[in-house]
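The values are calculated or read from the model by the stated rules, or taken from the named source; none is laboratory data. Remember, predicted model here, so these are calculated numbers, not experimental data. Neighbour counts run over all protein chains shown; Cβ positions are idealised from the backbone, glycine included.
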Amino acid sequence: MTDATPFSFRLTTFVLIVLTFFVGGLFKGLTGLGLPPVVLGLLTATIGIQPAKALIIIPTFLTNVFQAVRGGHGRKIIHLTWPFLLAATLFTLSGALTLSYFQADVMSALLGVGLAVYGILGLFRLRVNIRGKWWNHPVGAFLGAVNGFLTGMTGSSAVPGVFYLQSIGLLRDQLIQSMGILFTLSTVSLAWSLRTQDLLDANLLAMSAVSLAPAFLGMSIGNRIRRSISEEKFHMVLCTALVLLGLYITALNLAK
């Protein structure tokens, strides 16, 4: 299969997509992230990067909205992170528009390395702390711009966004909600950039809508598991997941 549109699906591809979104939803419910990296990592090899990025639009957006509005910390999060969130949203288009000038698999592999390294640092409790610092907003704006550019390039909004959100001292539920807000804004910007480049069609959008059900089912199961564990265990799960996800993304893209 190729990245060209219009796009059609075989039965085996349809089953693969459904299972992939279930696994991605499970991962997201448990850790707050992972739907785009898991889905893109598994589907890029079979249907291509651009169709895969288009497929994640609806499930990613709605699962992120669900994550963003739950927790009751929205006002505090926006107050702490608005320069970061604004830059991450605006710079997504720049990454999407410059995709043709870079090798997508190399950029994705670098993103995977970043995830793995940060996960390892987290496991050893080595973390930058900028909570309450005067340079929180300038650093946030810079990292937001980097995050937006990488989102446009790879379809994943995790790097360096998750790192920044953890560095300002957010607790588990605050971190989960803040990631939901970031990912929601990034998904809107990514969808707009894909639409301006005519990379969305009716078949892709229909399959994206169908993928909602397995994504939400997996997310629901993951949420239940997360609520049953302590803050300490959640930290271990999140960091371990970052390492595994990073290694997976890196290996998958270097093998191309």
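Of the residues examined, Val117 is one that is closer than 23 Å to Thr81 by Cβ and either modelled with pLDDT under 70 or not in a loop (DSSP other than H, G, I, E, B) (or both). Within the stretch 45-65, being over 14 Å from the mean Cα position of the chain (by Cα) and either crowded, with 24+ Cβ neighbours inside 10 Å or among the hydrophobic types (A, V, I, L, M, F, W, C) (or both) holds for Ala45, Ile47, Ile49, Pro51.
Restricting attention to the stretch 142-177 and to residues that are out of contact with any helix residue (DSSP H, G or I) (no Cβ under 6 Å at 6 or more places or on another chain) and of a type in the set (Gly, Ala, Ser), the residue that is farthest from Leu111 (Cα to Cα) turns out to be Gly169. Filtering the stretch 66-94 to residues that are within 17 Å of the chain's Cα centre (by Cα) and in a helix (DSSP H, G or I) leaves Phe66, Gln67, Ala68, Phe84, Leu85, Leu86, Ala87, Ala88, Thr89, Leu90, Thr92, Leu93. Is it true that Gly161 is over 23 Å from Val243 (Cβ atoms) and either modelled with pLDDT of 90 or more or surrounded by 23 or more Cβ atoms within 10 Å (Cβ to Cβ) (or both)? So Gly161 does not fit the description; no. Between Ser220, Ser186, Ser193, the distinction of being modelled with pLDDT of 90 or more and small (Gly, Ala, Ser) belongs to Ser220 only.
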